[in-house]
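See below for the structure under consideration.
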Amino acid sequence: MIQKPRGTRDFLPDEMERRRHYEGVLRHIARTFGFREIATPIFEETELFVLRSGPNILNELYAFKDKGDRDIALRPEMTAPAIRMFVNGMSNEPKPIKIFYFGQCFRYERPQSGRYREFFQFGAELIGNKNPESDAEIIALAASMIEALGLREYRIRIGHIGVLRQKLADAGVPKERTAEVLQKLDKKLYDEAEPILMDMGVSDLARQEIFDLTETVGGKDVLSEVPGEAGEYLRSVAEILERMGVRDIDIDLGVVRGLDYYTGMVFEAEAPALGAEKQICGGGSYTLSELFGGEQVFSTGFAIGFDRILLAMEKEGTQYELRGIDAYVVPTSDIVRGEAYSVVSMLREAGISSDIDLMGRKMAKAMKHASAVRAGNVIIVGEKELSEDSVTVRNMSSGEQTLVKISDIVRFLS
Ligand code: HAM
């Protein structure tokens with residue numbers, strides 16, 4: 001038997017119905033914030049991701065040569081594609097441009113619970129601005145989405161990568177080796193960061209200060225420990241968020257992010273229920289457009305790990321009630337089968353989701369099948385009823401049976 005590739009999943013109809021429902025919730029929230037949906041290709045020129053995504057992502061890239069000898073990669077994330085699209089054809093539109101997207105991404109990772117090689121992101125980008133208002137808008141959107149899904153236990157941590165980058169530069173870390181250090185600090189691998197920093201000639205004191213900075217965590221008050229403009233900036237972001245009703249946030253200068261393109265505010269959301277792979281959302285402010293041939297434009301955005309957040313909701317016991325179909329039509333014999341087809345067509349035309357027995361089942365088995373497909377009603381088409389231009393409608397939750405004129409069924413079911 002051929003199996004699906006490692007790290008991928010099939011979604012059966014029940015799961016797919018649940019996923020589509022929650023996708024719809026996220027789309028709705030994005031639109032209420034004035035964001036509009038885009039779609040970009042699932043594969044791009046590899047260079048798009050090589051330019052700035054950082055070493056973590058590059059090691060995980062699904063990259064190959066196509067038949068025309070071009071270097072192609074499956075997208076590992078959707079920010080670089082969105083900004084490429086902006087540079088290609090949207091750069092003259094009024095700013096800020098507010099876009100969102102939903103789709104699959106691919107990373108060659110070691111699969112485990114909540115970590116897949118094919119996974120789905122729901123993300124948003126606000127292009128054309130660098131100020132606390134834009135960053136607050138993006139964090140507020142992420143928070144509203146998580147709330148709307150109904151996740152109960154989560155934390156949003158907000159930091160500023162500029163502070164850490166500055167600290168590394170001041171300590172003598174060369175620009176081209178910053179990503180390497182940040183990668184270790186992102187995972188709090190101090191033991192591994194230490195020899196790298198020593199190799200660069202960073203003093204004991206400076207090293208300790210760098211590590212201490214990544215441990216600066218707390219409420220708004222810790223911002224007094226954050227030096228210079230960055231502290232001011234984050235204070236403004238936190239104040240706007242408070243006004244917008246987003247209160248459950250922590251300041252955490254240890255938020256480093258795995259991707260290389262961030263320049264200022266960075267944030268992550270975690271769901272503790274998930275254990276090791278608990279990061280359900282990540283984002284921040286960045287510039288990428290100048291790398292793709294456009295002018296430098298500041299942007300801010302985030303992506304929610306759709307699979308992870310659904311997993312977290314499941315772990316919290318959130319139930320999704322499957323909807324099933326409105327009606328299941330059962331002819332009592334082959335003689336009335338033709339009439340039954342007319343009835344089911346009429347219902348479908350009226351937008352009532354309906355199915356009809358295609359297996360020639362006897363009544364008892366047909367009723368069982370109707371339950372299995374979660375039909376709200378069973379419509380029994382029998383000779384006796386037809387002689388009165390009627391059918392019997394059985395409400396599957398109450399068990400009540402009603403004789404209904406065929407011309408009245410649509411009204412009756414609506
Ligand atoms: P990221 O943190 O790499 O950021 O990914 C965003 C989210 O995708 C993560 O927080 C996580 O929930 C989910 N995720 C990542 N890898 C996997 C995986 N292998 N399996 C399941 N879920 C995963 C970005 O991708 C940025 N583009 C976010 C962004 C948008 N920044 C600015 N704008």
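The values are calculated or read from the model by the stated rules, or taken from the named source; none is laboratory data. This one's a predicted model, so the numbers in the text were calculated from it and none came from an experiment. Backbone-built Cβ (ideal geometry, glycine too); neighbour counts: all protein chains shown. Just the protein is used for accessible areas: all its heavy atoms, side chains included, with ligands, DNA and RNA removed. Shrake-Rupley method; radii C 1.70, N 1.55, O 1.52, S 1.80 Å.
In table form, for the structure just shown:
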{"quantity": "Heavy-atom accessible area per residue - the chain, 1.4 Å, Å²", "calculated": "49 Å²"}
{"quantity": "GNM top mover of Asp252, Asp221, Asp326 - the chain, alpha-carbon springs below 10 Å", "calculated": "Asp326"}
{"quantity": "Farthest toward positive dipole pole in the chain [+1 Lys/Arg, -1 Asp/Glu at C-beta], among Tyr101, Ile158, Val391", "calculated": "Val391"}
{"quantity": "Set of aspartates and glutamates with alpha-carbon distance to Lys65 below 15 Å, sequence-local pairs under 8 removed", "calculated": "Glu44, Glu45, Glu47"}
{"quantity": "Estimated FRET transfer efficiency when R0 is 45 angstrom, pair Asp199-Val25 (beta carbons, to 0.05)", "calculated": "0.40"}
{"quantity": "Percent carbon-and-sulfur accessible area, segment 338-414, ignoring ligands, DNA and RNA, probe 1.4 Å", "calculated": "50 percent"}
{"quantity": "Per-residue SASA entry for Arg177, accessible area with 1.4 Å probe, Å² rounded to 10", "calculated": "70 Å²"}
{"quantity": "Among 366-376, 78-88, the order from most to least packed when residues are scored by Cβ within 10 Å on average", "calculated": "78-88, 366-376"}
{"quantity": "Of all accessible heavy-atom area on segment 13-316, the percent that carbon and sulfur account for (1.4 Å)", "calculated": "48 percent"}
{"quantity": "Where only alpha carbons of the chain are counted, the Rg and the Dmax (Å)", "calculated": "27.5, 96"}
{"quantity": "All aspartates and glutamates inside 16 Å of Lys184 as judged from Cα atoms, apart from same-chain residues fewer than 8 positions distant", "calculated": "Glu176, Glu192, Glu194, Asp199, Glu209, Asp212, Glu215, Asp260"}
{"quantity": "For segment 52-91, with +1 on Lys and Arg beta carbons and -1 on Asp and Glu, the positive-most of Ile72, Ala82, Asn59 along the dipole", "calculated": "Ala82"}
{"quantity": "Assigned charges on the beta-carbon of Lys, Arg, Asp, Glu; the chain dipole about Cα centre (debye)", "calculated": "1180 debye"}
{"quantity": "In degrees, nearest ten, helix 13-32 long axis to first principal axis of the chain (Cα)", "calculated": "60 degrees"}
{"quantity": "Hz values of 3J(HN,Hα) by residue in segment 195-208 - Karplus curve (6.51, -1.76, 1.60), Gly and Pro given as x", "calculated": "x, 5, 5, 4, 4, 8, x, 6, 5, 4, 5, 5, 4, 4"}
{"quantity": "Centroid-to-centroid separation of segment 380-414 and segment 286-308 [C-alpha atoms, Å]", "calculated": "57 Å"}
{"quantity": "Dipole of the chain [Lys/Arg +1, Asp/Glu -1 at C-beta], most positive-end residue of Phe306, Thr287, Ile127", "calculated": "Phe306"}
{"quantity": "Protein-only accessible surface order, largest first, of His21, His28 at 1.4 Å", "calculated": "His28, His21"}
{"quantity": "Folded to 0 to 90 degrees: helix 161-170 orientation relative to the chain principal axis, Cα", "calculated": "20 degrees"}
{"quantity": "MRE, 222 nm, helices only [DSSP H, n ≥ 4, -39500 (n - 2.57), over the chain, to nearest 500]", "calculated": "-11000 deg cm²/dmol"}
{"quantity": "Highest-first arrangement of 198-206, 99-107, 344-352, where packing means the average Cβ count within 10 Å", "calculated": "99-107, 344-352, 198-206"}
{"quantity": "Reach of Lys130 by Cα under 18 Å, taken over lysines that are not fewer than 8 positions away in the same chain", "calculated": "Lys95, Lys98"}
